[in-house]
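Each value in this text was obtained by applying a stated rule to the coordinates, not by laboratory testing. What you see is a predicted model, and the numbers here were worked out from it, not measured in a lab. FYI the Cβ positions are ideal-geometry reconstructions off the backbone, even for glycines, and counts take in every protein chain you see.
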Amino acid sequence: MAVDVRWATAGDAAALATVLCEMAVHYRQAPLDAERALSASQKWLGLESPAYPHFALAFVDGEVAGLASVAIAHPGIDLERLMFLKDLFVPDNARNAGVGRALIAFLADHCLSQGIGRIDLTTEDWNEGALRFYARLGVERHGQKIFLRLSGEALETAARS
């Protein structure tokens, strides 16, 4: 099976929305409203510039088969940019077919061609499939950082302080 991976463009909003809806269910969230997901996808893809991509989509036989959501962070103490992989998602019907590996290869190639030194990522501790997948790729587990989140009421308080 051939997997085609590319940076999402405004024309891919429906494909992105489809994957976002499937992803919400997988990650044990309330199902997303399809129209809301499409509206958000159109907005996000319409705001993106080709120089700063955020979504890579994988397609098999013209059908969307996976998503990688990324952000590029500028230099830290090592003066190298990094790619933060926020989400890598492959729907159940496309798993174990090379889609995830194709998405990672696409991102890694982008990093190498753009002088980006590493890809950082997180996954849930309950997501055994993702942990096995990343282990097969040789992803290193780092215990130096603790994942933290500022949201909800704490985010509002921080904005007012």
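Taking the number of Cβ atoms within 10 Å of each Cβ as an exposure proxy, the fewest-first ranking of 134, 27 is 27, 134.
By the count of other C-beta atoms within 10 Å, a proxy for reagent exposure, 83, 1 are ordered fewest to most as 1, 83. Where (1) 19; (2) 33; (3) 24 are the candidate values, the label of the one calculated here for percent of Cα pairs over 28 Å apart is (3). Just going by the charge dipole of the range 16-106, with Lys and Arg at +1 and Asp and Glu at -1 on Cβ, which of 88, 59, 76 is farthest out on the positive end? The residue sitting farthest along the positive end of the dipole is 76. Distances between placed amide hydrogens fall under 5 Å for residue 86 paired with 69, 70, 71, all partners being 5 or more residues away or on another chain.
Helices that extend 18 Å or more along their long axis by alpha-carbon positions and average at least 0.0 on the Kyte-Doolittle scale are, among the DSSP H runs of the chain, 13-26, 99-114. If only the Cβ of Lys and Arg carry +1 and only the Cβ of Asp and Glu carry -1, the dipole of the range 3-160 around its Cα centre is close to 320 debye. Relative to the Cα centre, the charge distribution of the range 22-98, modelled as +1 at Lys and Arg Cβ and -1 at Asp and Glu Cβ, gives a dipole magnitude of about 180 debye.
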